[in-house]
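The structure appears right after this line, and notes come after that.
The values are calculated or read from the model by the stated rules, or taken from the named source; none is laboratory data. Bear in mind that the values here come from a model prediction, so they are computed numbers and not experimental data. Neighbour counts are summed over all protein chains in view; Cβ atoms, including those assigned to glycine, are modelled from backbone coordinates with ideal geometry. Remember, those area values only see protein heavy atoms, side chains included, never the ligands or the DNA or RNA. Shrake-Rupley method; radii C 1.70, N 1.55, O 1.52, S 1.80 Å.
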Amino acid sequence: MTETEETQAFEGLFRVFNFIAPLSYAFLQRVRTYLRPESHPKKTILLTEGNIARKIYFISKGFARSFFTDRDGRQHTLWFMGEGDLMLSVYGFYRQQPAAENIELLEDSILLSLTWELVQTVYKDFPEFNYHGRLLTEKYYLMSEERAVLLRTRNPAERYANLVAAHPDILQKASLKDIASYLNINQETLSRIRAQKITAR
């Protein structure tokens, strides 16, 4: 990672923090000393199910997904995250218990990471940050609930449209297999939906 890329990563994360609510200069300076820049190639597994999630990540550049593997060896994608997102295994990180999912990078990525121990230090020393932590946790639970509602109440074409609205370049970043598993449909159904969308243009 170049010095410019590292600076851009820090600035991007602090924009996200300050968008939620302004934070003190002292907080930003402290957190900058704690954050660790990381560069990883495509297909890197940052977390393996069954292991404890030790870090939370900010994606400065790249794209990622979370997935679990069922008893038959099939992968099921749970979420996609891209530039400007904070990503973690919510249960595995906050509970410091074995995670039920994997986190995989789908592109070469530039990340900033913060360990669980240092997050606890930040919460203790800067009570103002507890608000940001609560909103981050709420975001993940809302995403999980919204996906569950979509799977129950929307047809495959509507689910696909919702995903593309959230990630317009998803087809360039994730495989059709991963997209189909996220939508809880097979690849043949996904191909038909895509063909219908193209024909309708």
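A few remarks follow.
- Of 26, 99, 64, the residue with the greatest mean-square motion in the GNM of the chain, using alpha carbon springs below 10 Å, is 26.
- Dipole size of region 1-45 about its Cα centre, with +1 on Lys/Arg Cβ and -1 on Asp/Glu Cβ: approximately 200 debye, rounded to the nearest 20.
- Per-residue 3J(HN,Hα) values for region 97-110, derived from phi via the Karplus relation 6.51 cos²θ - 1.76 cosθ + 1.60 with θ = phi - 60°, read 10, x, 6, 9, 9, 10, 10, 10, 7, 9, 9, 4, 9, 10 Hz in sequence order (x marks Gly and Pro).
- Amide H partners (placed H, <5 Å) of residue 109, local residues excluded: 40, 42
- Distance distribution note for the chain: the fraction of Cα pairs above 23 angstrom is 48%.
- For the chain, the relative contact order comes to 23 percent (Cα pairs under 8 Å, sequence separation of at least 6).
- Here is how the number arises for the chain: DSSP H runs of 4 or more residues each give -39500 (n - 2.57), the sum is divided by the residue count, and the result at 222 nm is -16000 deg cm²/dmol.
- For region 43-171, a crude dipole built from +1 on the beta carbon of Lys and Arg and -1 on the beta carbon of Asp and Glu, taken about the Cα centre, is about 260 debye to the nearest 20.
- If only the Cβ of Lys and Arg carry +1 and only the Cβ of Asp and Glu carry -1, the dipole of region 1-90 around its Cα centre is close to 180 debye.
- Stretch gain in nm, segment residue 54-residue 143, where the contour uses 0.36 nm per residue and the Cα spacing is subtracted: 29.9 nm
- Here the label points at residue 128 and residue 150, each 7 Å from Cα along the C-beta direction, are separated by 3.5 nm in the simple model.
- 0 to 90° range, to nearest 10: angle between helix 25-34 axis and the chain longest Cα axis: 70
- Here's how it looks for residue 85: its modeled amide H is under 5 Å from those of 59, which are all 5 or more places away or on a different chain.
- Remark: accessible surface ordering of 94, 160 (largest first) is 94, 160, probe radius 1.4 Å.
- Taking the longest Cα principal axis of the chain as reference, the axis of helix 116-125 is set at about 50 degrees.
- Between the residues 100, 119, 130, the greatest Cα displacement towards the positive end of the dipole of region 85-201, with unit charges on the Cβ of Lys, Arg, Asp and Glu, is found for 100.
- In order along region 72-85, the phi-based Karplus estimate (6.51 cos²θ - 1.76 cosθ + 1.60, θ = phi - 60°) of 3J(HN,Hα) comes to 8, x, 8, 8, 10, 6, 9, 7, 10, 9, x, 4, x, 9 Hz; Gly and Pro are listed as x.
- Dividing the alpha-carbon radius of gyration of region 158-198 by the rule-of-thumb value 2.2 N^0.38 Å gives 1.02.
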